[in-house]
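First the structure, then my questions, so here it is.
FYI, it's all coordinate maths here, none of it is from the lab. Note that the structure is predicted; figures quoted are calculated from it, not measured. Quick reminder, even Gly has a Cβ in these numbers, built from the backbone with ideal geometry, and neighbours come from all protein chains shown.
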Amino acid sequence: MNREVHVRFCERLGVKFPLPTRRTNVALIAWKPSALPDNSLTSWALGELKSYGIIVCFIFSLMLLLRILKLIGVIDIITRMLNPFLRILGIGKEVTTIALVGLTLGVVYGGALIVDEVKSNPSIPKKDIFYAMALMGLCHSVIEDTILMVSLGASFVGVFIIRLILTMIVIFCLVKITGLLSDKMMFTMFLRKERKVI
């Protein structure tokens with residue numbers, strides 16, 4: 001196709017942007033590394049160990065912070081604020097801490113906290129854990145993702161508000177549909193069997 005066809009097509013769509021031509025400037029790279037990186041196996045291994053150490057310290061700090069916030073009652077306040085939101089979706093209040101960690105920190109960094117919370121409170125219903133994990137799968141690390149995407153030029157409404165609304169709709173439908181299933185069918189389809197520890 002030639003240039004005129006592209007221009008007419010874009011005009012019909014209402015899109016106005018310059019199409020590339022032969023006179024288009026070459027992109028200039030603003031950042032250039034000062035020295036070549038060390039690509040040895042030792043350098044890689046040390047870099048990985050440093051990264052793992054930082055992650056372990058970060059997760060330990062988050063677990064400690066979560067325990068402190070529980071002791072001083074901040075988690076209870078946040079739980080009371082999140083309960084109406086979770087109740088609308090059909091999720092039990094026992095998973096509020098799990099949902100809070102996933103929504104704010106994300107699944108990667110909050111994963112250890114989520115596992116710790118589930119192990120420390122075995123009375124949490126498995127269905128509610130499933131619903132909380134589905135909620136986090138759709139809407140995790142809302143603070144970090146929103147700041148990152150808005151800084152790259154995305155719309156706040158699209159990144160945050162519409163994401164929350166779509167998540168609420170999907171989770172509400174998931175809870176209603178799986179609520180029609182028997183517990184046995186639900187566990188067979190969506191949950192894995194627990195392994196017996198010897």
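Tell me, what is the FRET efficiency for K184 and F85 to the nearest 0.05, using R0 = 25 angstrom and their Cβ-Cβ distance as r? Before the final figure, lay out the partial values.
Values: r = 29 Å, r/R0 = 1.17.
Taking R0 as 25 Å, the efficiency between K184 and F85 is 0.30.
Can you count the Lys pairs in segment 41-190 whose Cα atoms are under 25 Å apart, with each pair 8 or more apart or on different chains?
Within segment 41-190, the lysine pair count is 16.
From the alpha carbon gyration tensor of segment 41-190, can you work out the equivalent ellipsoid semi-axes (sqrt of 5 times each eigenvalue) and give them in Å, largest to smallest?
The three semi-axes for segment 41-190 are 28, 21, 17 Å.
Mind listing which GluC sites (Glu not before Pro) in segment 66-155 are in a DSSP loop and have 14 or fewer other Cβ atoms within 10 Å?
none
Compare the peptides 181-190, 96-105, 160-169 by average per-residue count of other Cβ atoms within 10 angstrom and give them in order, highest first.
Result, highest mean Cβ count within 10 Å first: 96-105, 160-169, 181-190.
Another question, if that's okay. D76 versus L191, label points 7 Å from Cα toward the beta carbon: distance in nm?
Label-label distance for D76 and L191, simple model: 2.9 nm.
A further question follows. Provide the gained length on full extension for the span S51 to T146, in nm with one decimal, where the gain is 0.36 nm per separating residue minus the Cα-Cα distance.
31.7 nm
Still on this structure: How large is ³J(HN,Hα) for each residue in segment 61-69, as worked out from phi by the Karplus curve 6.51 cos²θ - 1.76 cosθ + 1.60 (θ = phi - 60°), to whole Hz, x for Gly and Pro?
With the stated coefficients, segment 61-69 comes to 5, 5, 5, 5, 4, 4, 5, 5, 5 Hz.
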